[in-house]
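Remarks on the structure that follows.
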Amino acid sequence: PPATAPPPPGPDMALRQLLLIAAALAAVAAPAAAFYLPGLAPVNFCEAGKEKPECKSGIELFVNRLDSVESVLPYEYTAFDFCQAEGKKRPSENLGQVLFGERIEPSPYRFTFNKKETCKSVCTKTYDTTKPEDKQKLDFLKKSMLLNYQHHWIVDNMPVTWCYDVEDGQRFCNPGFPIGCYITEDGRPKDACVINSEFHEKDTFYIFNHVDIKIYYHIVENEALGARLVAAKLEPKSYKHTHPDNPDCSGVPMDISNKASGEVKIAYTYSVTFHEEKSIRWASRWDYILESMPHTHIQWFSIMNSLVIVLFLSGMVAMIMLRTLHKDIARYNQMDSTEDAQEEFGWKLVHGDIFRPPRKGMLLSVFLGSGTQILIMTFVTLFFACLGFLSPANRGALMTCAVVLWVLLGTPAGYVAARFYKSFGGEKWKTNVLLTSFLCPGIVFADFFIMNLILWGEGSSAAIPFGTLVAILALWFCISVPLTFIGAYFGFKKNAIEHPVRTNQIPRQIPEQSFYTKPLPGIIMGGILPFGCIFIQLFFILNSIWSHQMYYMFGFLFLVFIILVITCSEATILLCYFHLCAEDYHWQWRSFLTSGFTAVYFLIYAIHYFFSKLQITGTASTILYFGYTMIMVLIFFLFTG
């Protein structure tokens, strides 16, 4: 096509148009100064000797924690014996980063803008295997290569990526790169060892002790400002430097035999080159990472699949509402004599029992309160994420946002729990408020605390420091709990919910139920449809948590969230109608559990995902996986219920 032809429309196009509209709105909203989210403003760089206050020449490289797909335990950079940065101060982390175990530290790698470096030495580490502490350090390094631990480096708030070809001619850009790799005793290369045919010694580790870094920059139209970095890519290499003091980056790879004894010397080096990239703008510099991430088309498929379920359910609900109820009510209105009224049937027979308070009304009202809190929190968090406030560039923002919202939403929780408890005829309001404040958050916190003890025992960086635990408890006790009390006060002050019909003194006998109107089969059937709507999205979310992939499809997630809410409501209305027609008036708990049972399917899916997709090894990692999964399942149960 001619050069002027517009690109074919598609999801990307729609996304770009949305972004353009957002940018236009931002430009209108912002005064003369440019509009940027806090912490995400561009940094300008210029060559040494041309520095100005708004433009610097030094580029710092930061290192994040190292993690592995085969283990849930991340470790911080300082836990390994790599080259350390002396005396530099660590950047501060927000609550979300600490909760997710991110630990960002300064590194000894320093570059000057547009200054090429070739094979520059960073440091040399020597291990004497006869000394126990040296042997321990080397063994830790070997173990982490065996489990394929990955470095995560950051330049100018962007991940430094390692791009390589995968099948179907696709290029995959991994925001991390391995420490090294291992050739097994039968000569089979594991993980990254396949990239180089020189890695062939059996039972040997190869360490990537050299990196070739390419930094791409874009010169700002306004020449006075300098350049902005738009990408940083690297290639890990392995060299056995014969003269560590004067390295030349050539020759055989750096091998560490598993049975090696005596002295082992590892020299760390790097090369850096700068390339001008005119086609990438600073604002779209994350695109190349996200584009190499899999599968937007699957998402559209899953959304269509979910919409079909929603249409089907809405049709059923509408039919029941319009046809059946309309007919029944019309027939009701025609009755003039009391004799006809004796021949009632179906759901009209239970009108004197329908508002009988449920058993364990206290617990149900507490669950409803906590569920409301989680529902509003999820809605607001996803809404902000859709607007782009919580993008992957804004590290830890998603988690921070969710925690802060949860703390501030104590009032609706207290109010809802109190309103329902009062309408159930409950008197013990103090117990109700205390349970709403402490039962569900307490279970989550206890689980979290046990997981944290395991992480702490393993020396992992994901273990939350004592100070942060105290801060979370303070947020909970000093903000969330008082807000819950305020909500409950208003809830109990209002009159109880008025019921349109009187409740009979004597409970009615419930007739023998057919199989599918019994409580358990009904509840099990009810969870299938909502789960069918979300399971594809669930795969991507679990991938982003356990396989360390970036999650950025918040638009899809928001859509799926809305569909899930509709599906849960409609499936419950349908089943509730069926068992009221069967003259079973215990509907309160059943309506909560019918859609809440989706969480059980979620748990089954998480177990399936663990055995089929993850290569997690080790007891601690397995316990952690299921511990964290149980927290997600509980939250999901309250939310769907």
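At a glance:
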| quantity | calculated |
| --- | --- |
| Column: log10 I(q)/I(0), Debye, Cα scatterers of the chain, q = 0.06, 0.10, 0.11 Å⁻¹ | -0.45, -1.05, -1.20 |
| Normalised alpha carbon radius of gyration of region 44-292 [divisor 2.2 N^0.38 Å] | 1.06 |
| Sum of side-chain charges, Lys259 neighbourhood, beta-carbon under 14 Å (Lys, Arg +1; Asp, Glu -1) | -2 |
| Loop-located trypsin sites (Lys or Arg not before Pro) in region 378-456 whose Cβ has at most 15 other Cβ within 10 Å (DSSP) | Lys428 |
| Separation between Cα centres of region 352-402 and region 585-641, rounded to whole Å | 16 |
| Subset of Lys214/Lys613; Lys88/Lys237; Lys360/Lys518; Lys115/Lys214 violating a 23 Å alpha-carbon distance limit | Lys214/Lys613; Lys88/Lys237 |
| For q = 0.23 Å⁻¹, Debye-computed log10 I/I(0) when each Cα of region 417-468 counts as one equal scatterer | -0.82 |
| Cβ-derived FRET efficiency at R0 45 Å, Leu469 paired with Lys131, nearest 0.05 | 0.75 |
| Fraction of alpha-carbon pairs over 23 Å apart in region 360-498 - percent | 43 |
| Anchor Lys202: aspartates and glutamates whose Cα lies under 16 Å away (excluding residues fewer than 8 positions away in-chain) | Glu185, Asp186, Asp191, Asp255 |
| Carbon/sulfur fraction of accessible area - the chain, other protein chains in place, 1.4 Å, % | 64 |
| For region 525-641: Kirkwood Rh in Å [reciprocal of mean 1/r, alpha carbons] | 15.4 |
| Cut-off 13 Å between beta-carbons: net charge of the residues surrounding Glu498, Lys and Arg +1, Asp and Glu -1 | +4 |
| Accessible area in square angstrom per residue, the chain, 1.4 angstrom probe | 51 |
| Loop-located GluC sites (Glu not before Pro) in region 190-274, at most 16 other Cβ atoms within 10 Å (DSSP) | Glu198, Glu201, Glu221 |
| Where GluC sites (Glu not before Pro) fall in DSSP loop in region 487-588, at most 16 other Cβ within 10 Å | Glu498, Glu512 |
| Equivalent ellipsoid dimensions for region 585-631 as semi-axes, Å, which come from the Cα gyration tensor, largest first | 31, 11, 5 |
| Net lengthening on full extension, Met304/Ile524 (0.36 nm per residue, minus Cα-Cα) | 76.8 nm |
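The values are calculated or read from the model by the stated rules, or taken from the named source; none is laboratory data. Just so it is clear, the structure is predicted and the values come from calculations on it, not from any experiment. Cβ sites come from the backbone with ideal geometry, for glycine too, and all protein chains shown count toward neighbours. Side chains included, ligands, DNA and RNA excluded: accessible areas come from the protein's heavy atoms. Shrake-Rupley method; radii C 1.70, N 1.55, O 1.52, S 1.80 Å.
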